[in-house]
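Engineer: This is the structure, below, for whatever I ask next.
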Amino acid sequence: MYYKMKVEKLPELYALIASEKALYLPIEQAGAVEFRKWDESSCVRLDCLNTLKSAKGVFLPQSENLVAFKTEGKNISVIDNSETAFPFVIFGVRACDARSFDILDRVFLSDPVDTYYKTRRDNATVVTLACNEPEETCFCRNFGIDAADPAGDASAWIVDGELYVRPNTEKGETFVSRLSQLLEEASDVEKLEAAKQSVRDILGKLPFAELNLDRFKGDNMLDIFHDPAWKSLSESCLGCGTCTYVCPTCQCYDIKDFDTGSGIQRYRTWDSCMFSDFTKTAGGQPRPSQVERFRQRFMHKLVYYPMNNDDIYGCVGCGRCVAKCPVSMNIVKVIKTLGGEKK
C-alpha cells in the first residue's frame, strides 16, 4: 500500500515525527550535508544524493564514550556515561546506505553482540528515499541494490512534487499510521512505477554499471592475494584513510583511554586499516608496508567478507570513495584491474 502527500508539507511532516521521536535527516551545515538531528532551523537537503559521510554514523558514531573510571585513593569507581538509548527516525537514507546496515549487522549483531550498536538499531525506524538522478560515480546495481526501490522500514519517493511512502515492516506500519493526518492513500501508482523504471534505465547506462565481479570468490582467494597487480595499484595510494571514513560499510575502530585529570575516559573512535599504526602492538605492525595495507582493505571488501557472509560483498557501490579519493585510486579501479572488464 502506497500513501502520498505534497512535498510542500514536508516541514509539517518533520515536525510531526519530531514531536514523538528524535528525527535525523540529511542536513546542510557549514557547506557539508550529513545526517544530523533535526530542528526547525535545520537546512534539510533531501535533494543531496550522497551525504558527505554515510548514515552509518547514526548507529556507529565516529567517536563515542563507553565508560569512565574515577579514582579516589585506592578506590576505583566505574561510571557508565555511554549515550542513553532513545527511539528515533532516520529519514532520507539512500538504498546503498540502507544495504550497508545489513552488512554492519552481520558484524556487530553476531556473537559477541555489540550492545551499543544493537541498542541504536533496536530504537531506529529507517525511512529510505529512492534516487531520482543517480550520479556517474554510482555503481550500486552491481551488488543487487535497486536505487529506485530501496529497502528499509518504510520507503519513500519524490515524484512530480509529491512524496510517496510505503511501509515495509511493522516499524514502518507504525510510522505511517502516526502520520495519517498528512498522508492519503495513493491511487496513481502507475506514475510512481514509471518513475522507478526511468531511474533504473539511468542506472543501466552509468559508467560503472557493468563491473566484472566473477573472479572475486573464495576459491580464488590465494590467487587474488598474490596477484602482482597489488603493487602497482597501491603505489599511488597516500594512506590518508579518506576512503574508509566516507565508506558506509567500514567497521574498524580503536578503543582508547584518556586521562581527564579527574579520572579516565574510555571511548572508541573510527580507525582505518590504511593507517600505518592500525592494530600496532608491542610486537610491531602486522602489515608494515603500504601495499599490504592497501591489499587488506580491498581483499576484505571483495573476498574475505563474502567468504564469511553468504557471498555478500562488503561494498554497496555508493561511489563516495570514487568521488573523494584525492588520487583517484578506488575500489572500481581494483575491480577492473583484478577482475577484468566485462566483455
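Engineer: Would you check which residues across region 41-63 are under 12 Å from the mean Cα position of the chain (by Cα), in a loop (DSSP other than H, G, I, E, B) and over 23 Å from residue 7 (Cα atoms) and list them? Lay out the reasoning, then the answer.
Structural biologist: To start, the set of residues in region 41-63 that are under 12 Å from the mean Cα position of the chain (by Cα) comprises 50-61.
Applying the additional criterion that residues be in a loop (DSSP other than H, G, I, E, B) yields 50-54, 59-61.
Across region 41-63, the qualifying residues are 52, 53, 54, 59, 60, 61.
Engineer: State yes or no: is residue 93 of a type outside the set (Lys, Arg), crowded, with 21+ Cβ neighbours inside 10 Å and not assigned by TED's automatic domain parsing to the domain that holds residue 313?
Structural biologist: Answer is yes for this residue.
Engineer: From (1) outside the structural domain of residue 12 (by TED's automatic domain parsing); (2) touching a Ser or Thr at 6+ places or on another chain (Cβ under 9 Å), pick out the condition that doesn't hold for residue 238.
Structural biologist: (2)
Engineer: I'd like the residue in region 214-240 that is within 25 Å of the chain's Cα centre (by Cα), part of a loop (DSSP other than H, G, I, E, B) and not basic (Lys, Arg) and, out of all such residues, is surrounded by the most Cβ atoms within 10 Å (Cβ to Cβ).
Structural biologist: If we take residues in region 214-240 being within 25 Å of the chain's Cα centre (by Cα), part of a loop (DSSP other than H, G, I, E, B) and not basic (Lys, Arg), then 216 is surrounded by the most Cβ atoms within 10 Å (Cβ to Cβ).
Engineer: Considering only residues that are polar (S, T, N, Q) and under 24 Å from residue 45 (Cα atoms), look in region 124-153 and name the one that is surrounded by the fewest Cβ atoms within 10 Å (Cβ to Cβ).
Structural biologist: Result: 132.
Engineer: How many residues are surrounded by fewer than 16 Cβ atoms within 10 Å (Cβ to Cβ) and outside any loop (DSSP other than H, G, I, E, B) when one looks only at region 154-182?
Structural biologist: Summing the residues that are surrounded by fewer than 16 Cβ atoms within 10 Å (Cβ to Cβ) and outside any loop (DSSP other than H, G, I, E, B) in region 154-182 gives 4.
Engineer: Give the residue, chosen from 83, 12, that is outside any strand (DSSP E or B), modelled with pLDDT under 95 and surrounded by 11 or more Cβ atoms within 10 Å (Cβ to Cβ).
Structural biologist: On the way: 12 fails: modelled with pLDDT under 95.
Result of the check over 83, 12: 83.
Engineer: With respect to residue 100, determine if the residue is in a helix (DSSP H, G or I), at pLDDT 95 or above and either of a type in the set (Gly, Ala, Ser) or more than 26 Å from residue 154 (Cα to Cα) (or both).
Structural biologist: For residue 100, the condition - in a helix (DSSP H, G or I), at pLDDT 95 or above and either of a type in the set (Gly, Ala, Ser) or more than 26 Å from residue 154 (Cα to Cα) (or both) - is met.
Engineer: A further question on this structure: Does residue 277 meet the test of being within 22 Å of the chain's Cα centre (by Cα) and loosely packed, with under 14 Cβ neighbours inside 10 Å?
Structural biologist: Here the answer is no, as residue 277 does not meet what is asked.
Engineer: Another question about this same structure. Being more than 16 Å from the chain's Cα centre (by Cα) and among the basic types (Lys, Arg) is the requirement here; does residue 74 meet it?
Structural biologist: Yes, satisfied.
Engineer: Hey, could you check region 26-48 for residues that are touching a Ser or Thr at 6+ places or on another chain (Cβ under 9 Å) and not β-branched (Val, Ile, Thr) and say which is surrounded by the most Cβ atoms within 10 Å (Cβ to Cβ)?
Structural biologist: Checking each candidate, the answer is 26.
Engineer: Return the residues of region 261-281 that are within 29 Å of residue 79 (Cα to Cα) and in a loop (DSSP other than H, G, I, E, B); say none if nothing qualifies.
Structural biologist: 261, 262, 263, 271, 272, 278, 279, 280
Engineer: Moving to a separate point now. Among the residues of region 289-308, is there at least one that is free of Cβ contacts under 8 Å to residues at least 60 places away in the same chain, over 21 Å from the mean Cα position of the chain (by Cα) and in a loop (DSSP other than H, G, I, E, B)?
Structural biologist: Among the residues of region 289-308, at least one is free of Cβ contacts under 8 Å to residues at least 60 places away in the same chain, over 21 Å from the mean Cα position of the chain (by Cα) and in a loop (DSSP other than H, G, I, E, B), which makes the answer yes.
Engineer: Oh, and also: Tell me, yes or no, whether region 246-260 has at least one residue that is at pLDDT 95 or above, within 20 Å of the chain's Cα centre (by Cα) and part of a helix (DSSP H, G or I).
Structural biologist: Yes, that holds for at least one residue.
The values are calculated or read from the model by the stated rules, or taken from the named source; none is laboratory data. Computed from a predicted model, the values in this text were never measured in an experiment. Positions of Cβ are generated from backbone atoms using ideal geometry, with glycine treated the same way; all protein chains shown enter the neighbour counts.
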